[in-house]
C-alpha cells in the first residue's frame with residue numbers, strides 16, 4: 001500500500017473491517033513505542049465495535065511488512081539509561097498479547113521483510129497471509145537479543161524442531177517455507193490483495209474469502225531438511241546440538257553449525273532455555289518470561305555490542321562477552337529468568 005499521510009501508523013474503517021497500516025516505509029515499517037500504544041488502543045475500540053467484524057494489518061511501501069522494532073532507538077536509550085527501551089518492550093509485549101487474545105479475526109497481510117517485532121504484530125493473529133515476496137526471520141541471537149514478541153510460544157509449536165532451528169540460526173524463510181513452518185496460514189498473490197480486502201470489507205467471512213483467493217505453493221525447501229532438523233536440534237543443550245551438527249557429514253550441517261557459532265553465546269543459551277520452557281507455558285506466561293529476560297538484556301553487554309557491529313558501525317565483528325558457550329555459566333542464565341518483583345509485566 002502506498003500512502004502520503006505522515007503518521008507512523010494509520011487507522012481506517014472500511015466497511016466491515018478496521019484497517020491498520022504500518023506507515024514508516026523508509027524505515028521498513030519498524031515499530032516505535034507510540035505505534036505500539038496506538039495500535040493497542042485502536043484494537044480495544046474495534047473489539048467493542050459491533051460494526052467491525054475483522055481487522056486487517058499491512059505495511060506501507062514495497063519492501064517490508066515490518067522489519068522489527070526500531071533497534072537504533074532502543075540501543076541509544078539503553079546506552080543512555082533512559083526509560084524508552086523498557087517502556088517500548090513492555091507496551092510491545094502488551095500489544096502482542098492483545099493481538100493473541102483479539103476476539104475477532106485479525107488478518108495480517110505480510111509482504112517483503114517480516115522480522116522481530118513485525119512477527120509479533122502478525123503471527124499471533126488468526127490469519128497470516130503471505131504473498132510471493134515474504135521473507136520471515138527471527139535473527140535476534142545475532143544481535144545479542146533473543147526471539148521475543150511471543151517467540152517462546154509460537155516457535156516451540158512449529159513442526160518438530162523447526163522453531164529451535166529458526167531461533168538459534170536466524171534462518172530466513174521465503175513464502176513456501178513460512179507456510180510449512182506455520183508462520184503464514186495462506187498464500188494469496190499480491191495482485192489479489194485488493195480483492196481480499198474488498199471481500200472482507202463487504203462482510204464476508206475470512207475463510208470464505210480465502211477459499212476463493214488462496215493458492216497452493218510449490219514444495220517447501222525446508223521440508224527437505226525436516227528429518228535432519230528434528231534429529232540434530234533435539235539435544236538437551238546448545239552444546240549438544242552443535243555436537244550433533246559437527247558429527248553429521250553433510251554440508252548443510254557444517255554450515256548450520258558455523259552460523260550458530262557466530263551468534264552471541266549468551267543469547268544462544270537463554271534462547272534454548274526460553275524455547276524449551278515455552279513449550280509448557282501458556283501465551284501470557286511466555287510474555288511475562290520474555291519481559292523478565294529483556295530487562296536483563298537491557299542491563300547487559302551483548303545487545304549493545306551486537307547492534308553496534310550490525311547497525312551502528314556495521315563492521316560485522318561483534319565482541320561477545322562471554323566469548324564462548326562454555327563460559328556462560330548456569331547461574332548467569334538463571335538470572336535472565338528470575339522474577340522482577342513489582343516490575344513484572346502486567347497484562348490486561
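The values are calculated or read from the model by the stated rules, or taken from the named source; none is laboratory data. What you see is a predicted model; the values in this text were computed from it and never measured. Here the Cβ is made from the backbone with ideal geometry for all residues, glycine too, and neighbour counts use every protein chain on show.
Points worth noting:
- Which numbered condition residue 57 misses (of (1) in contact with a helix residue (DSSP H, G or I) (Cβ under 7 Å, 6 or more places away or on another chain); (2) within 17 Å of residue 24 (Cα to Cα); (3) at pLDDT 95 or above): (1)
- Residue tally, condition closer than 15 Å to residue 181 by Cβ and surrounded by fewer than 24 Cβ atoms within 10 Å (Cβ to Cβ), over segment 125-138: 2
- Tally, over segment 195-229, of residues that are assigned to a helix (DSSP H, G or I) and surrounded by fewer than 20 Cβ atoms within 10 Å (Cβ to Cβ): 15
- Only residues that are part of a loop (DSSP other than H, G, I, E, B) and within 23 Å of the chain's Cα centre (by Cα) were counted across segment 8-59, and they come to 7.
- Restricting attention to segment 318-348 and to residues that are loosely packed, with under 11 Cβ neighbours inside 10 Å and assigned to a loop (DSSP other than H, G, I, E, B), the residue that is modelled with the lowest pLDDT turns out to be 348.
- For segment 322-348, a tally of residues being closer than 18 Å to residue 272 by Cα and without any contact (Cβ under 8 Å) to a residue 60 or more places away in the chain returns 9.
- Filtered by the rule that a residue be part of a loop (DSSP other than H, G, I, E, B), at pLDDT 95 or above and either touching a strand residue (DSSP E or B) at 6+ places or on another chain (Cβ under 8 Å) or over 19 Å from residue 323 (Cβ atoms) (or both), segment 233-286 gives 233, 234, 235, 236, 248, 250, 279, 280, 281, 282.
- The C-beta contact set for segment 66-83 (first residue touching a residue at least 60 places away in the same chain (Cβ under 8 Å), second residue exposed (fewer than 13 other Cβ atoms within 10 Å of the Cβ), distance under 8 angstrom, 6+ apart or interchain) comprises 71/311; 72/311; 75/311.
- Test result for residue 310, closer than 20 Å to residue 241 by Cβ and either buried (at least 16 other Cβ atoms within 10 Å of the Cβ) or at pLDDT below 95 (or both): no
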